[in-house]
1. Could you state the accessible area per residue of the chain in Å², with a 1.4 Å probe and every protein chain left in place?
2. How tilted is helix 145-158 with respect to the longest principal axis of the chain? Cα atoms for both, answer in degrees (0 to 90, nearest 10).
3. Add +1 for every Lys or Arg and -1 for every Asp or Glu among the other residues with Cβ under 9 Å from the Cβ of Asp23, and state the total.
4. Please give the charge dipole size of the range 55-205, origin at the Cα centre, charges +1 on K and R Cβ atoms and -1 on D and E Cβ atoms. Round to the nearest 20 debye.
5. Tilt of helix 91-103 relative to the longest C-alpha principal axis of the chain, in degrees (0 to 90, nearest 10)?
6. Whose amide H sits under 5 Å from the amide H of Ala111, counting only residues 5 or more places off or on another chain, with H placed in the peptide plane?
7. Got a number for the accessible area of Phe49? Probe 1.4 Å, square angstrom, nearest 10.
8. Exactly which trypsin sites (Lys or Arg not before Pro) in the range 1-85 are in a DSSP loop and have at most 14 other Cβ atoms within 10 Å?
Amino acid sequence: MKILIDDADIEAIKALYPVYPIDGVTTNPSILAKSGRQPYDVLKEIRAFIGEEAELHVQVVGRTADAMLADALRIHKELGANTYTKIPTNPAGLEAMKRLRKAQPYAHITATAIYTPMQAFLAAKAGADYAAPYINRIDNLGADGIQTAKIIQDMFTNNGLKCEILAASFKNSQQVQALAQYGVGAATIAPAVIEGLVKNAAVAAAIDDFTRDFEGLCGKGITMKDAN
């Protein structure tokens, strides 16, 4: 499962990238608005930092198929070939996906705002590379976000569709683990949840015990580099 950072805070991205095995960054209009900066200034800075090979997902804002397609073409022009255009999975969005796939066969498309398996199924048939179910938001509606993602995964497999899941909207590491166990293609995760994947008091305590015992043998501040 690929892991992407769901944030446009360049400092947070820079802090996470050297530590974790990150495959890219996702953004949306709300995330960009939080930066308080012009969108392409932020996005170009992110692209420059993560490099051309990493995935960058950027959402259209237009409400009609024509406007979505125009947004998609500008996004691709400004941010490069490995940029995924996020298009909402509504009727206008499905039309835009089909038209973008026809206009640019090698364009990357992420179908977003997915709450039901049939949205994902239709998006995959319309040409999407990724479908992004909102796990926690689905839970908040009284349904089961994890189960919805699993149903989507099974539908893609059973129908021979090449589209993958890019699961979004997580509140904890358990949700991420459940989808990694099921083999979904990717998850985009907020920085705090990414850090929570390994943050564990028991781990910290074990490391402290090892260090204390070793320093008791070899001396304060001594590591394997310095030991006799």
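1. Working: 12020 Å² over 228 residues.
On a per-residue basis, 53 Å².
2. Long axis of 145-158 versus the principal axis of the chain: about 60 degrees.
3. Values: positive: Lys2; negative: Glu55.
Cβ neighbours under 9 Å give a net charge of 0.
4. Numbers: 14 positive and 11 negative charges, 61 e Å.
Value, rounded to 20: 300 debye.
5. That helix lies at roughly 90 degrees to the long axis.
6. Long-range HN contacts for Ala111: Ile87, Asp129, Tyr130, Ala131, Ala132.
7. Looks like 80 Å² after rounding.
8. Working: sites: Lys2, Lys14, Lys34, Arg37, Lys44, Arg47, Arg63, Arg74, Lys77; in loops: Arg37, Arg63.
Loop-located and lightly packed - Arg37, Arg63.
The values are calculated or read from the model by the stated rules, or taken from the named source; none is laboratory data. Everything numeric here is computed off the predicted structure, so don't read it as measured data. Heads up, the Cβs are rebuilt from the backbone with ideal geometry, glycines too, and the neighbour counts pull from every protein chain shown. For accessibility, only protein heavy atoms count, side chains too; no ligands or nucleic acids. Shrake-Rupley method; radii C 1.70, N 1.55, O 1.52, S 1.80 Å.
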